[in-house]
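Here the structure comes first, spelled out in structure tokens, and everything after it is commentary.
The values are calculated or read from the model by the stated rules, or taken from the named source; none is laboratory data. These numbers come from a predicted model, not from an experiment. All Cβ positions, glycine included, derive from the backbone under ideal geometry; neighbour counts span all protein chains shown. Protein only, heavy atoms only, side chains kept; ligands, DNA and RNA dropped before computing areas. Shrake-Rupley method; radii C 1.70, N 1.55, O 1.52, S 1.80 Å.
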Amino acid sequence: MNAVTFNNVEHIYNEKSPFEIKSLNGVDLQIKKGEIFFICGNTGSGKSTLIKLINRLLIAKTGSIKVLEFDMNTIKKPFELRKKVGMIFQYPDNQIFETRVKKELIYGPEKFGMSKREALVKIKESCVLAGLDYEGFKNRNPFELSGGEKRKVAICSILAYDPEIIIFDEPTAGLDNSSILSLKKMFFKLKEKGKTIIAVSHNIDFISECCDKICLLSGGKVIFSGDFVDTMMRFTNKELEVFGVEKPFIYRLLEKIKFKDKDDFKEKIKNIENLFNV
Amino acid sequence: MIEFHKVCFTYPGCEKNHNRVLHNIDIRFEKGKFYSLIGSNGSGKSTLARLINGLIHPFEGKIYIDGLEVLPQNFIEIRQKVGYIFQNPENQIVSTIVENEVAFALENLGIPYDEMHRKVTEILEFVELNDMRKRPPHNLSGGQKQRLAIASVVVMEPDYIIFDEPTSMLDYNGRREVINSIKKLHKAGKTIILISHDAEEIVLADEIIILHEGEIVAKKRPIDFLKDVDLRNNINFQQIPDHLKFAIKYNINTLNKEEIIDIMQKNILPTTGILTL
């Protein structure tokens with residue numbers, strides 16, 4: 001069952017003006033329900049356009065997009081869609097607007113019709129998931145928090161209304177080691193709950209640890225999509241630079257070495273990991 | 001030299017939360033050196049950095065820049081000595097054209113046009129943005145925007161430059177560009193204070209300063225920091241990139257990733273016998 005299906009989608013900014021830019025060009029894409037799906041691409045590759053099309057912040061010029069049960073060409077009110085598709089922006093400052101953390105967190109759930117009591121339960125659950133100490137932070141002004149803490153508030157404010165698809169734009173940016181670790185755990189817990197996670201990221205170590213599928217975008221086109229090992233087998237570090245990501249160290253060590261097939265490749269990676277006890 | 005004498009700081013409204021307080025910070029940043037400032041989210045890194053150029057003021061203690069105390073009456077002089085580059089360049093870019101952005105501060109100081117033009121060109125060449133000088137900043141990529149922010153700070157010729165997580169929002173290419181600019185600035189004699197969570201970046205420094213719960217718990221050379229597992233566990237810095245783990249394990253005499261890969265491929269992997277087909 002697909003959570004998101006793109007069929008030959010095109011998107012153009014500033015159409016019929018001198019600033020016309022075709023940001024997506026014939027994109028076909030399927031994201032399965034319950035998948036952790038990463039999107040990589042350089043600046044201008046169309047990543048942001050793509051994720052904005054999923055929760056209808058943008059509307060495609062041509063092609064069809066289906067998200068859960070909604071057909072983007074016929075949907076009248078995006079309210080129901082937005083309830084099920086949450087998005088966490090790259091810069092938490094662009095998303096936070098309340099002056100108290102507790103107000104920020106309850107805004108979404110209340111707008112989507114939850115009772116106060118229900119919302120509070122959900123908020124506390126999300127804070128546990130994201131590693132934010134609710135009691136300690138609820139009366140703080142989110143704008144006075146550190147970058148990493150702000151990001152956690154932004155994440156909680158979306159998780160609190162329990163969307164089915166959660167889109168993250170650069171989720172690890174500004175997070176320290178242990179916060180990245182808890183983010184990873186959070187991704188797995190959300191997956192366990194059947195949520196679909198779509199993330200734009202350049203943090204290849206993070207991607208390698210939790211992705212089911214990765215899609216590489218360039219010039220508005222999907223160049224490749226597959227699991228992590230497939231991606232590493234197919235591209236060299238130099239080639240991956242085009243998509244704004246770096247090949248992980250262990251995979252780079254194997255670049256000059258021949259291998260028979262995927263299993264052989266995986267075994268060699270494992271051997272290196274074991275040998276060096278990494 | 002930047003000197004902190006027993007500096008304490010608390011944000012209003014969180015006096016009870018001890019995590020948010022800087023306690024008794026006593027530290028010196030020597031001229032021309034490259035420092036990395038690390039610590040977990042909320043440990044006080046940005047707070048410490050903001051105290052240096054007077055964006056916030058200590059509750060107790062004193063801070064001196066080249067002997068000049070950080071006080072409102074000295075702000076003009078201090079901010080010419082200390083440049084600050086934020087995480088998100090959008091927070092500091094104000095002009096609609098790249099070259100105007102760089103000229104902004106010079107114009108405010110009333111520098112003559114010819115000299116201003118020469119300086120702007122020089123700096124844009126330094127950060128490799130001269131080709132884009134007529135472009136609007138919002139058309140630049142993340143890495144280019146961050147380099148523009150660097151240019152508009154560096155044009156003031158500060159001796160000390162604080163980088164507050166300058167690469168955390170950038171992709172691989174953008175990060176490399178910005179790191180190259182930082183290295184060049186250090187080579188040109190600037191004092192660098194780099195706040196970062198990225199182990200690959202912090203090891204570029206001469207010295208790593210470790211903040212934990214508002215206190216400076218250690219000051220170490222990068223290699224010593226990497227080897228000090230207890231310290232890293234204490235401050236939640238357990239994870240280090242694989243190439244650095246290998247460098248430590250095999251006593252490779254460099255922390256540069258490309259060099260480590262080369263040494264591993266040429267000298268170490270062939271002796272293991274696990275990679276033959």
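The interface between chain B and chain A buries about 3800 Å² of solvent-accessible area in total (1.4 Å probe, ligands and nucleic acids excluded).
Looking at the stretch B:91-199, the trypsin sites (Lys or Arg not before Pro) that sit in a DSSP loop and have at most 16 other Cβ atoms within 10 Å of their own Cβ are B:Lys134.
Under a model in which nothing but the beta-carbon of Lys, Arg (+1) and Asp, Glu (-1) is charged, the stretch B:1-152 shows a dipole of about 460 debye around its Cα centre. Largest first, the three principal axis extents of the alpha carbons in the stretch A:126-271 are 58, 35, 27 Å in whole numbers. Mean silhouette area of chain B, derived from the convex hull of its C-alpha atoms and averaged over all directions, reads 17.5 nm². Per-residue 3J(HN,Hα) values for the stretch B:90-101, derived from phi via the Karplus relation 6.51 cos²θ - 1.76 cosθ + 1.60 with θ = phi - 60°, read 4, 6, 10, 8, 10, 8, 9, 10, 3, 5, 5, 4 Hz in sequence order (x marks Gly and Pro).
Using all pairs of distinct alpha-carbon atoms, the Kirkwood hydrodynamic radius of the stretch A:1-102 works out to 15.0 angstrom. Distant-in-sequence amide contacts of B:Phe34, defined by a placed amide H-H separation under 5 Å and a gap of 5 or more residues or a different chain, comprise B:Ile192, B:Asp206, B:Glu207. Modelled this way, with points 7 Å down the Cα-to-C-beta line, the labels at B:Arg176 and B:His5 are 4.7 nm from one another. Restricting the stretch A:1-64 to GluC sites (Glu not before Pro) that sit in a DSSP loop and have at most 11 other Cβ atoms within 10 Å of their own Cβ leaves A:Glu15, A:Glu20. Panel note: contact residues of the stretch B:131-175 (accessible area lowered by at least 20 Å² against the chain on its own; 1.4 Å probe) correspond to B:Ser141, B:Ser168, B:Met169, B:Asp171, B:Tyr172, B:Asn173. What FRET efficiency do you get for B:His23 and A:Lys22 if R0 is 60 Å and r is their Cβ-Cβ distance, rounded to the nearest 0.05? So the FRET efficiency works out to roughly 0.60.
For the residue pairs B:Lys119/B:Lys187; A:Lys138/B:Lys6; A:Lys189/B:Lys257; B:Lys183/B:Lys219; A:Lys47/A:Lys213; A:Lys16/A:Lys221, the alpha carbons lie more than 23 Å apart in A:Lys138/B:Lys6; A:Lys189/B:Lys257.
A dipole drawn for chain A from +1 and -1 charges on Cβ atoms has a positive end, and of A:Val222, A:Pro109, A:Cys156 the residue lying farthest that way is A:Pro109. Over the residues of chain A, the helix contribution to mean residue ellipticity at 222 nm works out to -11500 deg cm²/dmol, using -39500 (n - 2.57) for each DSSP H run of at least 4.
Apply 1/(1 + (r/R0)^6) to the Cβ-Cβ distance of A:Ser64 and A:Phe188, taking R0 = 35 Å, and write down the FRET efficiency to the nearest 0.05. So, using R0 = 35 Å, E works out to roughly 0.65.
Length, then width, then depth: along the principal axes, the Cα atoms of chain A run 60, 52, 37 Å.
Taken one residue at a time, the phi angles of the stretch A:220-236 give Karplus couplings (6.51, -1.76, 1.60, θ = phi - 60°) of x, 10, 7, 8, 7, 8, x, 7, 5, 5, 4, 4, 5, 5, 7, 10, 8 Hz. Gly and Pro are set to x. In chain A the longest region clear of chymotrypsin sites (Phe, Trp or Tyr not before Pro) that are loop-assigned by DSSP and have at most 13 other C-beta atoms within 10 Å covers A:98-278.
Rg and Dmax over the alpha-carbon atoms of the stretch B:195-268 stand at 12.9, 44 Å. Looking at the stretch A:126-231, the accessible area is 31 square angstrom per residue; that uses a 1.4 Å probe and ignores ligands, DNA and RNA. Residues of the stretch A:134-175 whose accessible area (probe 1.4 Å, heavy atoms of protein chains only) drops by at least 50 Å² once all protein chains are present, relative to their chain alone: A:Arg140, A:Gly174. Here the protein assembly as shown carries DSSP beta bridges of which approximately 50% are antiparallel, counting only pairs with both residues inside. Positive end of the dipole of the protein assembly as shown (Cβ unit charges, origin at the Cα centre): among B:Phe34, B:Asn233, B:Ala103, the Cα lying farthest that way belongs to B:Asn233. Each distinct pair of alpha carbons in the protein assembly as shown adds a 1/r term; the inverse of their mean, the Kirkwood radius, is 25.2 Å. On the beta carbon distance between A:Val128 and A:Glu80, with R0 = 30 Å, the FRET formula returns roughly 0.65. Of A:Asn271, A:Leu129, A:Phe206, which is farthest on the positive side of the dipole of chain A, counting Cα position, with +1 on Lys and Arg Cβ, -1 on Asp and Glu Cβ, and the Cα centre as origin? Most positive-ward Cα: A:Leu129. Kindly work out what percent of the DSSP beta bridges joining two residues of the stretch A:137-278 are antiparallel, to the nearest 5. Antiparallel bridges: around 50 percent, rounded to the nearest 5.
Surface composition of the stretch B:1-102: carbon and sulfur make up 49 percent of the accessible area, probe 1.4 Å.
When only alpha carbons are used to place a centre, the stretch A:1-76 and the stretch A:137-170 end up 24 Å from one another. Rounded to the nearest Hz, the phi-derived 3J(HN,Hα) couplings of the stretch B:36-52 under the Karplus curve 6.51 cos²θ - 1.76 cosθ + 1.60 (θ = phi - 60°) are 10, 10, 10, x, 6, 4, x, 7, x, 4, 5, 4, 4, 5, 5, 5, 4, where x marks glycine and proline.
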